[in-house]
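Chemist: I'd like to ask you about the structure that follows.
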Amino acid sequence: EPVVLGKGAALGKIAPEAFAASIAPHLGAARSDVLVGPRAGHDAAIVRIGAGRVMALTTDPLSLVPSLGPERSAWLSCHLLASDLWTTGIPPTHVSVSFALPPELDDALFARYWRAMSDAWAELGVAVVTGHTGRYPGCALSIVGAATLMGLGDEGRYLTPGMARPGDRIVVMGARDDTL
């Protein structure tokens, strides 16, 4: 059956009710090694990998925002992913990056973006381990792809938003003013 688009919906993340109705009931195979899977309000998953170890994972869009430029956009994309993973208490170690670039984004501009992204990953101690890069019709700025960031840690030594309790202290740290 052909796809017929409607008038659209609100931008940004879908509402928790839409997540619960459309996504949560359809998560592929049920696996006992998935300790924390997709749910509204959780930006990272936890998967048992064996020998008392877990892998934390998070996925987000990658942005190239024209008003920020390629270098700041790349830095921001990397750090937004890292901040989601750090909420688990597990530091990032590996990333998979996929680009769906607009045809009008030339090689020189993309090279500047990628070099800045690579530098940001290196500063964060993250190795790029796989990915995909292509140009496709219908793609446009500012979303130019997505990445999945991973980290390895000890089972029983991670955090999730569901573990927060009234009275807990939360430390929030912001970027230095000169980074954006």
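The values are calculated or read from the model by the stated rules, or taken from the named source; none is laboratory data. Nothing here was measured: the structure is a model prediction, and the numbers come from that model. All Cβ positions, even for glycine, are placed from backbone atoms using ideal geometry, and neighbour counts span all protein chains on display. These area figures cover heavy atoms from the full protein model, side chains too; ligands, DNA and RNA do not enter into them. Shrake-Rupley method; radii C 1.70, N 1.55, O 1.52, S 1.80 Å.
Chemist: Does the range 1-102 come out rounded, prolate or oblate, given a ≥ b ≥ c as the square roots of the eigenvalues of its C-alpha gyration tensor, rounded meaning a/c under 1.5 and, failing that, prolate meaning a/b above b/c?
Modeler: Cα axes put the range 1-102 in the oblate bin.
Chemist: Shape of the chain from its Cα gyration tensor (a ≥ b ≥ c, root eigenvalues): rounded if a/c is under 1.5, otherwise prolate when a/b > b/c, or oblate?
Modeler: Verdict is oblate for the chain.
Chemist: At a 1.4 Å probe radius, which order do Thr160, Thr87 fall into by accessible area, largest first?
Modeler: Putting Thr160, Thr87 in descending order of accessible area: Thr87, Thr160.
Chemist: Put a dot 7 Å past each Cα toward the Cβ at Thr133 and Ser98; how far apart are the dots in nm?
Modeler: Placing both labels 7 Å along Cα→Cβ, they lie 1.7 nm apart.
Chemist: Protein chains only, probe 1.4 Å: how do Phe99, Phe110 rank by accessible area, largest first?
Modeler: So, going from the largest accessible area down, we get Phe110, Phe99.
Chemist: Which residues' amide hydrogens lie under 5 Å from the amide hydrogen of Gly131, considering only partners 5 or more residues apart or on another chain, with H built in the peptide plane?
Modeler: For Gly131, whose amide H was placed from the backbone, the distant partners under 5 Å are Val97.
Chemist: Using only protein heavy atoms and a 1.4 Å probe, report how much of Asp60 is accessible, in Å² to the nearest 10.
Modeler: 40
Chemist: Looking at the range 17-75, I'd like the Rg to Rh ratio, where Rg is from alpha-carbon atoms and Rh is Kirkwood's inverse mean 1/r.
Modeler: Here the Rg-to-Rh quotient is 1.13.
Chemist: Give me the percent of accessible area attributable to carbon and sulfur for the range 9-142, probe 1.4 angstrom.
Modeler: Answer for the range 9-142 is 59 percent, counting heavy atoms of protein chains only.
Chemist: In addition: Can you work out the Karplus-derived ³J(HN,Hα) for every residue in the range 42-57? Use 6.51 cos²θ - 1.76 cosθ + 1.60 with θ = phi - 60°, whole Hz, and x for glycine or proline.
Modeler: 10, 8, 9, 10, 10, 10, 6, 10, x, 6, x, 10, 10, 10, 9, 9
Chemist: Additional query: Could you run the Karplus curve 6.51 cos²θ - 1.76 cosθ + 1.60 with θ = phi - 60° over the range 28-37 and give me ³J(HN,Hα) per residue in whole Hz, x for Gly and Pro?
Modeler: Each residue of the range 28-37 in turn: x, 6, 7, 10, 6, 7, 7, 7, 9, x Hz.
Chemist: May I ask what percent, to the nearest 5, of DSSP beta bridges between residues of the chain are antiparallel?
Modeler: Counting DSSP beta bridges with both partners in the chain, the antiparallel share is about 75 percent.
Chemist: Would you mind getting the accessible area per residue of the range 32-157, heavy atoms of the protein chains only, 1.4 Å probe, in Å²?
Modeler: Solvent-accessible surface per residue comes out at 49 Å².
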